[in-house]
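Here is the structure we will look at.
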Ligand SMILES: C[S@@+](CC[C@H](N)C(=O)[O-])C[C@H]1O[C@@H](n2cnc3c(N)ncnc32)[C@H](O)[C@@H]1O
């Protein structure tokens, strides 16, 4: 694990390097795996496997998986996350690497399982970089190697989140900037009214009209902002709400599937889960709901 300072020009590093993000992910790491992760990992990982955990954060999945396999390489871009992970994991079969998932310092055909838990792929900006990342994962895996990955699908941003965000912000208008930040978490795009309207117009399209509208809208947006359909920014990933936003890309089912297939993978499983991280109050309960897709891939 290198001791070089973090590159704060990188928005991911800037966001996840904040002490409040590291603390929040460290707290989350103590809670261990989600039930669906436990089921998948126990099924996929064997005693003698070498596992590469991409975007390991504070070591949540690395610690759990260390007991299931022979070796874990836990990789993240952020030095502070890795340092915390190292202190938390404490297993001697886990090795930490500071690197970018788009360029893996790992030899070809050497890994049995790659984990991209909790939306690593949503954090990779640009379709070209996402293709490179998927190809890198394919390259380092042994033949018949497996991948576990989760991504937020486009429902997470478009429609319901805008709508709930607008409702939430109106209900919880607060002069406290920290609370405002929390309330904005999902969308951060403009006023409450814009959020509400966006919600109504962009709810999961059922009609041809809305589909056509969305296609045209995303072309216009790309033309003027350079952003691809599904690109946005996220401020609240954890409960911490650091002041910095990071780029985030939401996937359609078609998009993530073709990314995997073009890299050479076979899709063994793909399913939606309705992930709820908090149930304290009704608006918060709704705001934090997100559609997550879980995919299990195999190197053919
Ligand atoms: C949402 S957190 C998830 C952390 C952990 N996997 C978990 O489930 O608790 C995403 C992590 O991915 C890391 N990350 C984002 N983009 C990355 C990249 N291109 N290369 C390596 N790590 C990256 C971030 O630094 C952050 O620690």
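Throughout, read-outs are computed from the coordinates displayed, never taken from laboratory work. None of these values were measured; they are calculated from a predicted model. Glycine also receives a Cβ, built like all others from the backbone with ideal geometry; neighbour counts cover every protein chain displayed.
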So residue 115, is it within 13 Å of the ligand (Cβ to nearest atom), in a strand (DSSP E or B) and closer than 23 Å to residue 140 by Cα: yes
Condition met for residue 135 (more than 12 Å from the ligand (Cβ to nearest atom) and over 19 Å from the mean Cα position of the chain (by Cα)): no
